[in-house]
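Quick note: the coordinates plus some simple rules give every number you see, no bench work behind them. Just so you know, these numbers come straight off a predicted model, no measurement behind them. A quick note on method: Cβ atoms are made from the backbone with ideal geometry, for glycine too, and the neighbour counts reach across all protein chains shown.
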């Protein structure tokens, strides 16, 4: 296992295209706050269980002490593990960006520390898909409930989410259940670090689409993750609203941005209704206008039309 601290992180060199063995190397970036050692070991083991594909794992300890160790499980001592310690919790997008910078694979997989891969053949399947489809930018996985539940609608990144077993083209992806071509990640500019949490994947997805790549939801690419509600986080409503405003300000032509935000204000009022949810949501909405959104890179109208044809115009 290789250990790095925040100041020591430098982007690793990586080969573009096939490896000498005819395959494609995969880097699994696992973000953790260091409080789930057993679950983290399970996640890493599921990555190393992948057959017939080159795998490395970058463990990003987000907000951990300088002497933090992931646990006593032997899997953490594997030479293919790189341990990256960030003394400050920099948020989900920045943490994953740091993991990408410390990785070397052609394809990047982002995995939560309490998730794991169902099949040891997933890695080879992804390698073959990305090798055969040069315009494929992202594969969003199907998330299964380990308790046997049907799964949550929000884990299917499209409007018609009733059938999680149906694969389709999509316009966004799940940040902790995906594989991203490194070239597409770079073309999209990486994850927006100021977002901290919520909608960072959509920001990157829209830029990846704008660069000419495709995004697919692949129901045959399965991972397990416990069923949890995003509202368990105290900052959920505030960041959700703030980041929607930033998402529109950064990425959409102004007529689409205005429509997008008007639609989401209406939908939120109809869905939530409770003052305990609406008060922090509108506080975040105002914050999104008051604070800088970062560089503006509006997608083209051609990309907006592609998204509309895919089934999700960038107004909802």
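Counting helices only, and only those DSSP H runs with n ≥ 4, report the 222 nm mean residue ellipticity of the chain as the sum of -39,500 (n - 2.57) divided by its residues, in deg cm²/dmol to the nearest 500.
Numbers: 9 runs with 110 residues, N = 316.
Value at 222 nm, helices only: -11000 deg cm²/dmol.
Take every Cα pair under 8 Å in the range 2-228 that's 6+ residues apart, average their separations, divide by the length, and report that relative contact order as a whole percent.
Values: 516 pairs, mean separation 55.7, N = 227.
The normalised contact order for the range 2-228 reaches 25 percent.
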Set the Förster radius R0 to 41 Å, insert the Cβ-Cβ distance between residue 118 and residue 282 as r into 1/(1 + (r/R0)^6), and round the FRET efficiency to 0.05.
0.55
Specify the angular offset, from 0 to 90 degrees and rounded to the nearest 10, of the alpha carbon long axis of helix 92-101 from the longest principal axis of the alpha carbons in the chain.
40 degrees
Using a Gaussian network model of the chain whose springs link C-alpha atoms within less than 10 Å, name the residue from 244, 127, 297 with the highest mean-square fluctuation.
297
In degrees, nearest ten, helix 301-310 long axis to first principal axis of the chain (Cα):
80 degrees
With 10 Å bins from zero, work out the P(r) of the range 231-310 over every alpha carbon pair and list the percent per bin.
18, 45, 28, 8
Value of relative contact order over the range 231-310, rounded to a whole percent, pairs C-alpha under 8 Å and six or more apart
49 percent
Quick check: residue separation of residue 49 and residue 235 times 0.36 nm, minus the Cα distance between them. What number comes out in nm?
63.4 nm
Highest-MSF residue in the chain out of 86, 108, 229 [GNM, Cα springs under 10 Å]
229
Quick one: angle between helix 37-48 and the longest Cα principal axis of the chain, in degrees between 0 and 90, rounded to 10, please.
80 degrees
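List 1, 223 from most exposed to least, where exposure is judged by having the fewest other Cβ atoms within 10 Å.
On the way: 1 15, 223 23.
Ranking 1, 223 by Cβ neighbours within 10 Å, fewest first, gives 1, 223.
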Can you work out the FRET efficiency for the pair residue 159 and residue 135, with r the C-beta to C-beta distance and R0 = 22 Å, to the nearest 0.05?
0.45
The range 97-117 and the range 154-232 have their Cα centres apart by a whole-number Å value of 14 Å
With springs connecting C-alpha atoms under 10 Å apart, model the chain as a Gaussian network and identify which of 227, 187, 219 has the largest mean-square fluctuation.
227
Taking the Cα atoms of the range 56-147, report the difference between the largest and smallest coordinate on each principal axis, in whole Å and largest first.
42, 30, 27
Have a look at the DSSP beta bridges in the chain and tell me what percent are antiparallel, nearest 5.
30 percent
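Computed from the mean reciprocal separation of all distinct C-alpha pairs, what Kirkwood hydrodynamic radius does the range 20-81 have, in Å? The partial results should precede the final answer.
Details: mean 1/r = 0.0803 Å⁻¹.
About 12.5 Å for the range 20-81.
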So what does the Cα-only Debye profile of the range 170-316 read at q = 0.13, 0.15, 0.21 Å⁻¹, as log10 I(q)/I(0), no solvent term?
-0.61, -0.81, -1.45
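Kirkwood hydrodynamic radius, the chain, all distinct C-alpha pairs: what's the number in Å?
Numbers: mean 1/r = 0.0500 Å⁻¹.
About 20.0 Å, per the Kirkwood formula over Cα pairs.
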